[in-house]
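Chemist: Sending over a structure as structure tokens; questions will come in a sec.
Just so it is clear, none of the values below were taken in a lab; they were calculated from the coordinates. Remember, predicted model here, so these are calculated numbers, not experimental data.
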């Protein structure tokens with residue numbers, strides 16, 4: 001099964017950029033791990049970038065129960081502000097995609113419409 005939810009993100013540093021280690025969950029509750037290197041050194045911008053990136057990929061359906069933790073002084077601490085940034089950018093990107101999939105009359109545009117997710 002393919003992952004359809006993001007459960008956790010661990011935020012760290014690598015080579016002056018922000019490294020995002022993801023824990024993804026599939027419908028059968030299996031977990032997959034992935035790493036993304038954000039094109040920025042700013043954690044908030046990295047969280048926004050990840051939200052947009054996941055929304056554009058189309059596989060992640062939701063971010064329920066998302067927990068974001070960041071490395072601070074060699075420890076992992078909860079970072080709810082980064083979670084809020086990620087969720088907000090994910091939602092905004094999804095809304096923009098949904099609006100772009102409609103024609104001028106507000107009807108779905110056949111060429112831009114995405115297949116329904118199950």
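Chemist: Which whole-number percent is the relative contact order of the stretch 5-100 (Cα, under 8 Å, 6+ apart)?
Modeler: Rounded, it is 29 percent for the stretch 5-100.
Chemist: Would you give the gap between the C-alpha center of the stretch 2-26 and the C-alpha center of the stretch 28-100, rounded to a whole Å?
Modeler: 7
Chemist: Another question about this same structure. Quote the convex hull volume per residue of the stretch 5-100, based on C-alpha atoms, as a whole number of Å³.
Modeler: 94
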